[in-house]
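Remarks on the structure that follows.
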Amino acid sequence: MIPDRNQLLQKSTVFTYVRVNGVWEDQQNKEEADTVAALVLLHTRQQPEMEIGVITFNHPQQELIVETIEETFQAAGVSIPGSLMVKNIENVQGDEKDIIIFSVGYAPARNNQIGRAHV
């Protein structure tokens, strides 16, 4: 099918980039996990009919995000949607969600060197 011409002419994009100035420490970026949890809560409140998935680039960041989401939702008095998915890049084949949040995680380390995931 040919896309609708009016949709093609719109100046919007389906991608949003959020820069987080965190620190890469112990293969995790706490500031980014906080931002991801806040985004999941925001989308849950604003678009409760949408299913959300979070993809991380390593397992330690995945674990941190899960913990942070649990803390964020508990503090807000909101239930975590049963359809929420948080997986690392190695385990996310074939999953479908309406909203996907990528947590790259990389940031300068405390000594200002760029951190790298060890996956």
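The values are calculated or read from the model by the stated rules, or taken from the named source; none is laboratory data. Keep in mind that this is a model prediction, so the values were computed, not measured. Every residue, glycine among them, receives a Cβ derived from its backbone with ideal geometry; neighbour counts consider all protein chains shown. Areas reflect the complete protein model, heavy atoms only, side chains present, ligands, DNA and RNA absent. Shrake-Rupley method; radii C 1.70, N 1.55, O 1.52, S 1.80 Å.
Some notes on this structure:
- Net charge of the neighbourhood of residue 53, taken over other residues with C-beta under 14 Å away and scored Lys/Arg +1, Asp/Glu -1, is -2.
- Charges were assigned to the Cβ only: +1 to each Lys and Arg, -1 to each Asp and Glu. The resulting dipole of the chain about its Cα centre is roughly 500 debye.
- Candidate values [x] 43, 42, 28; [y] 50, 34, 26; [z] 33, 32, 31, label of the one derived for Cα extents along the principal axes in Å: [y]
- Cα long-axis angle, helix 30-46 against the chain (0 to 90 degrees, to the nearest 10): 30 degrees
- Those residues of the stretch 72-90 whose amide nitrogen sits under 14 Å from the label point placed on residue 18, 7 Å along Cα→Cβ: 72-73
- Tilt relative to the chain, helix 59-76 - C-alpha long axis, 0 to 90 degrees, to 10: 70 degrees
- In the chain, a dipole from Cβ-located charges (positive for Lys and Arg, negative for Asp and Glu) runs towards its positive end, and of 44, 81, 6 it is 6 whose Cα lies farthest in that direction.
- Apportionment of accessible area to carbon and sulfur, the chain, percent (1.4 Å): 50 percent
- Peptide ranges 74-84, 11-21, 34-44 listed from the most packed, as the mean C-beta count within 10 angstrom indicates: 34-44, 74-84, 11-21
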